[in-house]
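A.B. asks: Below: one structure in structure tokens.
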Amino acid sequence: MRPRIVLAMLAILLVVSACSPATERGSIRVLAAASLTESFEAVARSFSEKTGIEVELSFAGTATLIAQVEAGGSADVMAAAHEASMDRLVSQGLIEGSTPFVSNRLAIAVPEGNPDGINDLGDLERSERSGAVIAVCAAAVPCGSYAASAFEAAGAELRNPTREASVKSVIARVAFGGASSGVVYETDIAAARARGLTIEGVPVGDVGPTAEYPIAVLSGSTETDGALAFVDFVQSDVAQRIFADFGFMRI
């Protein structure tokens with residue numbers, strides 16, 4: 001075979017290799033708190049474009065994700081909405097440690113126009129005593145834990161709210177009439193409105209704790225390099241700008 005033909009064939013092979021689909025670069029599975037849904041979808045797309053590594057995302061309430069990991073579910077990365085949840089995985093050797101990468105604030109979700117005139121957590125207590133249905137996350141879910149702290153700080157208390165498995169369930173109840181209001185994160189309000197849902201948010205104020213989101217590579221990961229690359233990426237300036245666009249705050 002002539003040298004020039006050989007060189008041409010090698011050049012073609014190099015081009016094909018460089019343009020090979022992302023699946024040939026590997027893939028990772030990421031478990032993430034429900035409140036990260038929209039932002040992580042955008043971050044994962046950016047990560048895949050830059051690295052060629054595909055990202056399979058699975059969203060649920062943090063308590064549900066923790067249970068999946070403890071039961072031996074296959075995944076490479078875990079992003080939670082509460083540091084204490086990750087400490088539980090550390091104690092079982094399921095992660096070595098975690099790194100916080102963004103933070104969030106609580107807000108009260110109300111129907112558009114705020115028909116019940118909700119201005120603070122005290123108004124939620126009064127509204128419930130008047131017969132209104134109030135939705136909050138279950139106590140085992142980070143948003144539920146944060147909400148409990150906020151109600152205590154505000155000197156308010158709910159008697160019998162609905163207890164939801166994730167903030168997305170709270171949003172759905174308020175948006176579709178299953179509750180008159182509910183406690184979620186600020187970012188959930190923005191995401192819901194972006195989807196065309198007719199709700200709005202009322203700030204909880206200083207009584208609401210700041211929610212910090214930690215991320216970690218799971219000890220059972222079979223794609224450690226890709227998992228580490230993703231964890232590094234979510235802390236990068238590129239990813240942080242994406243998170244900011246969705247209302248998250250940098251740590």
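A.B. asks: Which whole-number percent is the relative contact order of the chain (Cα, under 8 Å, 6+ apart)? Intermediate values should be presented prior to the final figure.
C.D. replies: Values: 479 pairs, mean separation 69.8, N = 251.
Dividing the mean separation by the residue count of the chain yields 28 percent.
A.B. asks: A further question on this structure: Please compute the net charge surrounding residue 95, taking Lys and Arg as +1 and Asp and Glu as -1 over other residues with Cβ under 13 Å from its Cβ.
C.D. replies: Numbers: positive: 88; negative: 70, 76, 83, 87, 96.
Surrounding charge for residue 95 is -4.
A.B. asks: Taking every DSSP beta bridge that has both residues in segment 106-203, what percent is antiparallel when rounded to the nearest 5? Can you show the working numbers first?
C.D. replies: Details: 9 of 14 bridges.
In segment 106-203, approximately 65 percent of DSSP beta bridges are antiparallel ones.
A.B. asks: For segment 35-59 and segment 76-92, what is the separation of their C-alpha centers, rounded to whole Å?
C.D. replies: 19
A.B. asks: When the chain is modelled as a GNM with alpha-carbon springs shorter than 10 Å, which of 145, 58, 130 fluctuates the most?
C.D. replies: 130
A.B. asks: So what's the back-of-envelope 222 nm ellipticity for the chain, counting only DSSP H runs of four-plus at -39500 (n - 2.57) apiece and dividing by all residues, rounded to 500? Let's see the in-between values first.
C.D. replies: Numbers: 10 runs with 109 residues, N = 251.
Helices in the chain give a 222 nm mean residue ellipticity of -13000 deg cm²/dmol.
A.B. asks: Specify the residue with the greatest mean-square fluctuation among 212, 38, 70, computed from a Gaussian network of the chain linking alpha-carbon atoms under 10 Å apart.
C.D. replies: The residue that fluctuates most here is 70.
A.B. asks: Measuring from label point to label point, each 7 Å out along Cα→Cβ, what is the residue 49 to residue 120 span in nm?
C.D. replies: Spacing of the two 7 Å Cα→Cβ label points: 4.4 nm.
A.B. asks: Place a label point 7 angstrom from the Cα of residue 139 along the Cα-to-Cβ direction, then list the residues of segment 53-76 whose backbone nitrogen is under 20 Å away.
C.D. replies: Those under the cut-off are 61-67.
A.B. asks: Work out the FRET efficiency for residue 130 and residue 42 from their Cβ-Cβ distance, taking R0 = 51 Å, and round it to the nearest 0.05. Spell out each step's value before the answer.
C.D. replies: Values: r = 40 Å, r/R0 = 0.79.
Rounded to the nearest 0.05, the efficiency is 0.80.
A.B. asks: Right, here's the next one. Given charges of +1 on the Cβ of Lys and Arg and -1 on the Cβ of Asp and Glu, with all other atoms neutral, how large is the dipole of the chain about its Cα centre, in debye to the nearest 20? Write down the numbers at each step before the final one.
C.D. replies: Working: 18 positive and 30 negative charges, 152 e Å.
For this selection, approximately 740 debye.
A.B. asks: Okay, next question. Suppose R0 equals 35 Å. What FRET efficiency, 1/(1 + (r/R0)^6) with r the Cβ-Cβ distance, do residue 70 and residue 206 give to the nearest 0.05? Mind dumping the intermediate values first?
C.D. replies: Working: r = 35 Å, r/R0 = 1.00.
Working from the Cβ atoms, E equals 0.50.
A.B. asks: Give me the extension gain from residue 249 to residue 96: residue separation times 0.36 nm, minus the current Cα-Cα distance, reported in nm with one decimal. Kindly include the intermediate steps, with their values, before the conclusion.
C.D. replies: Numbers: separation 153, 0.36 × 153 = 55.08 nm, distance 2.50 nm.
Once the chain is fully extended between residue 249 and residue 96, it gains 52.6 nm.
A.B. asks: Also: Against the longest alpha carbon principal axis of the chain, how many degrees, from 0 to 90 and to the nearest 10, is the axis of helix 224-234 turned?
C.D. replies: That helix lies at roughly 50 degrees to the long axis.
A.B. asks: What are the radius of gyration and Dmax of segment 106-203, computed over its Cα atoms and given in Å?
C.D. replies: Spelled out, the Cα radius of gyration and Dmax of segment 106-203 are 11.7, 34 Å.
A.B. asks: Still on this structure, please answer the following. Please give the per residue volume of the convex hull enclosing the alpha carbon atoms of segment 20-90, rounded to a whole number of Å³. List each step's numbers first, then the result.
C.D. replies: Values: hull volume 6.0 nm³, N = 71.
Once divided by residue count, the hull of segment 20-90 is 85 Å³.
A.B. asks: In the chain, which longest range has no trypsin sites (Lys or Arg not before Pro) that are both DSSP loop (not H, G, I, E or B) and surrounded by at most 12 other Cβ atoms within 10 Å? Write down the numbers at each step before the final one.
C.D. replies: Working: sites that count: 159, 195.
Here the longest run is 1-158.
A.B. asks: Let me ask something additional. Can you give the charge dipole size of segment 106-203 about its Cα centre, rounded to the nearest 20 debye, using +1 on the beta carbon of Lys and Arg and -1 on the beta carbon of Asp and Glu?
C.D. replies: Numbers: 8 positive and 12 negative charges, 66 e Å.
Dipole size: approximately 320 debye.
A.B. asks: Let me know the whole percent of all Cα-Cα pairs from the chain that are separated by more than 22 Å. Display every interim value, and only then the final one.
C.D. replies: Numbers: 17902 of 31375 pairs.
The answer is 57 percent, as a whole percent.
A.B. asks: With +1 on each Lys and Arg Cβ and -1 on each Asp and Glu Cβ, and nothing else charged, work out how big the dipole of segment 21-67 is about its Cα centre, in Debye to the nearest 20.
C.D. replies: With only Lys, Arg, Asp and Glu charged at Cβ, the dipole is about 100 debye.
A.B. asks: Can you tell me the 0 to 90 degree angle between the C-alpha axis of helix 142-154 and the longest principal axis of the chain, rounded to 10?
C.D. replies: Roughly 30 degrees between the two axes.
Since every read-out is calculated from the coordinates, none of them should be taken as a lab result. Computed from a predicted model, the values in this text were never measured in an experiment. Note that each Cβ is placed from the backbone with ideal geometry, even for glycine, and that neighbours are counted across all protein chains shown.
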